[in-house]
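Here is the structure we will look at, set down as structure tokens.
None of the figures in this text is laboratory data; all of them are computed from the coordinates on show. This is a predicted model, so every value here is computed, not measured. Counting neighbours? That spans all protein chains shown, and the Cβs are built from the backbone with ideal geometry, glycine included.
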Amino acid sequence: MKQYLNTQHDFLSQSPIRYMSLLCAEKGGINLSQGVCDTPLPELVGEAAKQAITSGANSYTRCDGLVELKEAIADKAREYNNIECDPEKNIVVSCGATGAFFIASLALLRPDDEVVVFEPYYEYHVNMLKALGVKPIFVPMAPPDWRIDMTLLEESITSKTKAILINTPGNPSGKVFGADELEAIAEICERRDLLVFTDEIYEYLVFDGRHHLSPASIPSLRDRTITISGYSKTFSATGWRIGYCICHEDLSPRIAALNDLFYICAPAPLQIGVTRGIRDLPPSYYENIRSDYEVNRDMICGTLNEIGLTPYVPQGAYYILLDASDVPGHDSKEKALYILDKTGVALVPGRAFFRGEHGENTLRLCFAKERHILERACEDLKRLRF
Ligand code: PLP
């Protein structure tokens, strides 16, 4: 039957993350490959969703989201992201940040358009663009802190380039874009008339006293930016599928219409649960998750340094890329299999985040795990020495 498949999507072969997860399950190991947080959902968020179900909030909502949720997002965007937005004009709630990126991309990009993507990249971003017939143009970021060479960026832009894609804090690099880089990108976008898509799903996870900076808070980027975020990571609710985008009022009606076409709406009771979380969780909730992840990061980085697998210490998000040059194996897949075999800990081959050869000496791990699991993973990893 395979002859019936649309070959345009042949690039969607099995993801290395899923492959490592399956092998890890077979082996009964510790899975640090998938970015699924096993930290708990905030209680009041879960309670609000349960109550919404029992009190009958089980029908479709407006296609652009519940008014109460959009109002809560607008207040949060004003206070946390320094983005002024009107809940009725600038916000579309969708099925996760992934859904929001999909409908916004579909609304704004055409086949054969080019979008600049910084490398290492989040595989879904690249595959989504490819699935839409859009060409990703890769601009490498330089380790260890993943700075962007603005000359390279400028040189990558052609007459077909429509947008620059930013992910801050970034998966897998952990890069947190600073004001200087965003100002430089803003200047390029204005001069070359480009849009910015920015995925800020890890916006609350910034370390070492850094602050999250939203590209749309830069005045010249405000109108040309589509800010994408959601609550999968912040509320440890990846299966709830609540995300959103913030954009100019000329763009939101079409994006909402596409959301209607593909999803009709995000899950109604879960929109209510998330609204409650945004409204009622105290600032200490966000500070606690941030500092918990920072402790996890430091613990894992300590272990990696001890065993001779140098980590590129992340500035934010909950992943670590590490230099696997000394791990036996011809490529990143063999290196990941070696580590799984020797320790029972599953990491992701770097090839998932780079083109061609670039990622073959790199591995990624996710530290969004309960502390005792990470402690066990650290003990298991300490069986290795490079
Ligand atoms: N964006 C990035 C950069 C991610 O790493 C992930 C999940 O790993 C997502 C989006 C998915 O977000 P959502 O669950 O809201 O679709």
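Scaled to the globular estimate 2.2 N^0.38 Å, the Cα spread of region 262-386, given as radius of gyration, is 1.30. Taking the charge dipole of region 60-196 about its Cα centre, with +1 at Lys and Arg Cβ atoms and -1 at Asp and Glu Cβ atoms, the residue from P172, N81, L109 reaching farthest to the positive side is L109. Per q in 0.10, 0.11 Å⁻¹, report the Debye log10 I(q)/I(0) for the chain, using one uniform scatterer on each alpha carbon and no solvent. Computed log10 I(q)/I(0) values: -0.65, -0.79. The alpha-carbon of K333 sits under 14 angstrom from the alpha-carbons of these aspartates and glutamates, leaving out residues fewer than 8 places away in its chain: D323, D341, E357, E360. Take the Cα of E375, step 7 Å toward its Cβ, do the same at N58, and the gap between the two points is 4.2 nm. Calculated mean residue ellipticity at 222 nm for the chain: -12000 deg cm²/dmol, from DSSP H runs with n ≥ 4 weighted as -39500 (n - 2.57), summed, divided by the residue count and rounded to 500.
Sequence neighbours fewer than 8 away in the same chain don't count; with that in mind, list the aspartates and glutamates whose C-alpha is under 14 Å from K160. Answer for K160, where 14 Å is the Cα cut-off: D112, D113, E114, D193, listed by chain and number.
Of the chain, which part is the longest with no GluC sites (Glu not before Pro) in a loop (DSSP not H, G, I, E, B) and with at most 14 other C-beta atoms within 10 angstrom? Before the final figure, lay out the partial values.
Details: sites that count: E84, E88, E249, E370.
Here the longest run is 89-248.
Rounded to two decimals, the Cα-based Rg/Rh of region 208-275, with Kirkwood Rh, is 1.03. Only alpha carbons enter this Debye calculation for region 277-337, each as an equal point scatterer, and the log10 of I(q)/I(0) it gives at q = 0.23 Å⁻¹ is -0.94. The local environment of P40, defined by Cβ-Cβ distances under 14 Å, has a net charge of -2 under the rule Lys, Arg +1 and Asp, Glu -1.
Pairs from the list K76/K130; K70/K233; K50/K369; K76/K233 with a Cα-Cα gap above 21 Å: K76/K130; K50/K369.
Annotation note: chymotrypsin sites (Phe, Trp or Tyr not before Pro) in region 1-64 located in DSSP loop regions with a Cβ neighbour count of at most 13 within 10 Å are F11, Y60. Charged side chains reduced to their Cβ positions (Lys and Arg at +1, Asp and Glu at -1) give the chain a dipole of some 1000 debye around its Cα centre.
Return the percentage of antiparallel bridges among DSSP beta bridges fully within the chain, rounded to the nearest 5 %. It would help to have the intermediate numbers written out before the result.
Working: 21 of 42 bridges.
If we restrict to bridges inside the chain, about 50 percent are antiparallel.
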